[in-house]
Amino acid sequence: MFDELPQSVRRQTGARELAKGEPLFEQGDQASAIFEVLSGRVRLVRRTIDDHLVALFAARPGDLLAEAALFSDSYHCDAVAATRSRVRIYPKRVLLSALRKNPALFEGFAARLARQLQGLRARMELRNIRSARERLLQYLWLSADSDGRTVSIDGQLQDLAADLGLSREALYRTLAMLEADGIIERAVGGLILKKAPRT
């Protein structure tokens, strides 16, 4: 997104380094900016009334987060670095002004939000699959690189478990079963699909 912005707007953006576990913002903080993950992974979480954390989204490099802040006075959830991360900061006032003045920029921004929404819907679809095995296979199929076989996993497997709405133990058991069945092979930084997930 940064490259598409006018130079005058680029000069007003910033960047921030986050250590693992460091909050970017908290629910209720004044919404002053939206963010783009440049490296690492930032999780959006919300606390329930009984103080449990609910994972909403895991933003990876290239993902925007806190887009609703453009039209809100405060952030609606917490953003916490799941790994060491770097984010670009787009001040709300500056970005809104640029979008209003530049229809092509607005259209590109809207298209990006639409793609991100499509990805979120795919993740919601995953959570509606009851079987841990089928849920994980569908995730692997959707997440495979262009070769259709390699699935990169950044962060820890417990983060993947949270993204999929599975317990850590259920994910580990399912991975072990898929490996024993010859469907996957573990590799450094990810997994390799040895058989098509739909077979």
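The values are calculated or read from the model by the stated rules, or taken from the named source; none is laboratory data. Everything numeric in this text was worked out from a predicted model, so none of it was measured. Glycine gets a Cβ as well: all are built from the backbone with ideal geometry, and neighbour counts include every protein chain shown.
Condition first: in a loop (DSSP other than H, G, I, E, B) and touching a Lys or Arg at 6+ places or on another chain (Cβ under 8 Å). Now tell me which residues in the stretch 1-27 satisfy that. Those that are in a loop (DSSP other than H, G, I, E, B) and touching a Lys or Arg at 6+ places or on another chain (Cβ under 8 Å): Met1, Thr13, Ala19, Lys20, Gln27.
Matching residues to (1) touching an Asp or Glu at 6+ places or on another chain (Cβ under 7 Å); (2) farther than 24 Å from Arg115 by Cβ; (3) buried (at least 17 other Cβ atoms within 10 Å of the Cβ); (4) among the aliphatic types (A, V, I, L, M):
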position: Asp3; (1), (2), (3), (4): no, no, no, no
position: Gln7; (1), (2), (3), (4): no, yes, no, no
position: Arg11; (1), (2), (3), (4): no, yes, no, no
position: Lys20; (1), (2), (3), (4): no, yes, no, no
position: Leu38; (1), (2), (3), (4): no, no, no, yes
position: Arg47; (1), (2), (3), (4): no, yes, no, no
position: Leu53; (1), (2), (3), (4): no, yes, no, yes
position: Pro61; (1), (2), (3), (4): no, no, no, no
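Strands (runs of 3 or more DSSP E) fully within the stretch 28-82 that include at least 2 residues being within 22 Å of Leu160 (Cβ to Cβ), of a type in the set (A, V, I, L, M, F, W, C) and modelled with pLDDT of 95 or more: 33-39, 78-81. Residues that are among the aliphatic types (A, V, I, L, M), within 20 Å of the chain's Cα centre (by Cα) and not in a loop (DSSP other than H, G, I, E, B) do occur in the stretch 98-111, at least one of them. With respect to (1) farther than 25 Å from Ala110 by Cα; (2) at pLDDT below 95, the lone exception for Glu22 is condition (2).
When the test is whether a residue is touching a residue at least 12 places away in the same chain (Cβ under 8 Å), within 27 Å of Ala66 (Cα to Cα) and surrounded by 12 or more Cβ atoms within 10 Å (Cβ to Cβ), Leu171 does not pass it. Residues in the stretch 96-105 include at least one that is buried (at least 16 other Cβ atoms within 10 Å of the Cβ), of a type in the set (A, V, I, L, M) and in contact (Cβ under 8 Å) with a residue 60 or more places away in the chain. Which of the residues belonging to the stretch 24-36 are within 16 Å of the chain's Cα centre (by Cα) and either surrounded by fewer than 13 Cβ atoms within 10 Å (Cβ to Cβ) or among the β-branched types (Val, Ile, Thr) (or both)? Result: Ile34, single match. The one condition from (1) more than 28 Å from Thr48 (Cβ to Cβ); (2) in the same structural domain as Gln12 (by TED's automatic domain parsing); (3) assigned to a helix (DSSP H, G or I) that Ile89 does not meet is (3).
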